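Following: one structure in structure tokens, then a few remarks.
The values are calculated or read from the model by the stated rules, or taken from the named source; none is laboratory data. All values reported here derive from a predicted model rather than from experimental measurement. Note that each Cβ is placed from the backbone with ideal geometry, even for glycine, and that neighbours are counted across all protein chains shown. Calculation scope for accessible area: heavy atoms of the full protein, side chains included, ligands and nucleic acids excluded. Shrake-Rupley method; radii C 1.70, N 1.55, O 1.52, S 1.80 Å.
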Amino acid sequence: HDIRDFRTTLRRVIDAEQELYCTLRTRLRCQVWSSLGDSEPYVHHCLNEVVIDKGANPGLGTWDCFVDGLHVTTVQADGLIVATPSGSTGYNLAV
């Protein structure tokens, strides 16, 4: 698609009568709980991948990773990237 056609595409998205195919497979819902005892998680809706890092804190952090409520792994690292098949392409090429 050409960016100059954005008005036509936008009309199709807004028009309830138009059939529009939309896939949600590359969207992620990320919940981050702080080890500081916050009772509510930080919730983010992301496209393709989620990058979580420890920020300016020195040393490694311990990361527990759950997918759909099931524990997948625990890692000790300075960050964690969770990517969909679409989102992982850039990281695979960057290595």
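Accessible area per residue for the chain is 86 Å², calculated with a 1.4 Å probe on protein heavy atoms, without ligands, DNA or RNA. Over region 14-83, the hull volume per residue, using the convex hull of the C-alpha atoms, is 136 Å³.
For region 33-41, putting each phi into the Karplus relation 6.51 cos²θ - 1.76 cosθ + 1.60 with θ = phi - 60° gives couplings of 9, 8, 6, 7, x, 4, 7, 10, x Hz, in residue order, rounded to whole numbers and with x for Gly and Pro. Working from label points 7 Å from Cα in the Cα-to-Cβ sense, the Leu70 to His45 distance is 2.6 nm. In this simple spin-label approximation, Trp33 and Gln18 carry label points 7 Å from Cα along the Cα→Cβ vector, and these lie 4.3 nm apart. Once C-alpha pairs closer than 8 Å and six or more residues apart are averaged by separation and normalised to the residue number of the chain, the relative contact order reads 22 percent. Note on the chain: with neighbouring protein chains present and a 1.4 Å probe, carbon and sulfur make up 55 percent of its accessible heavy-atom surface.
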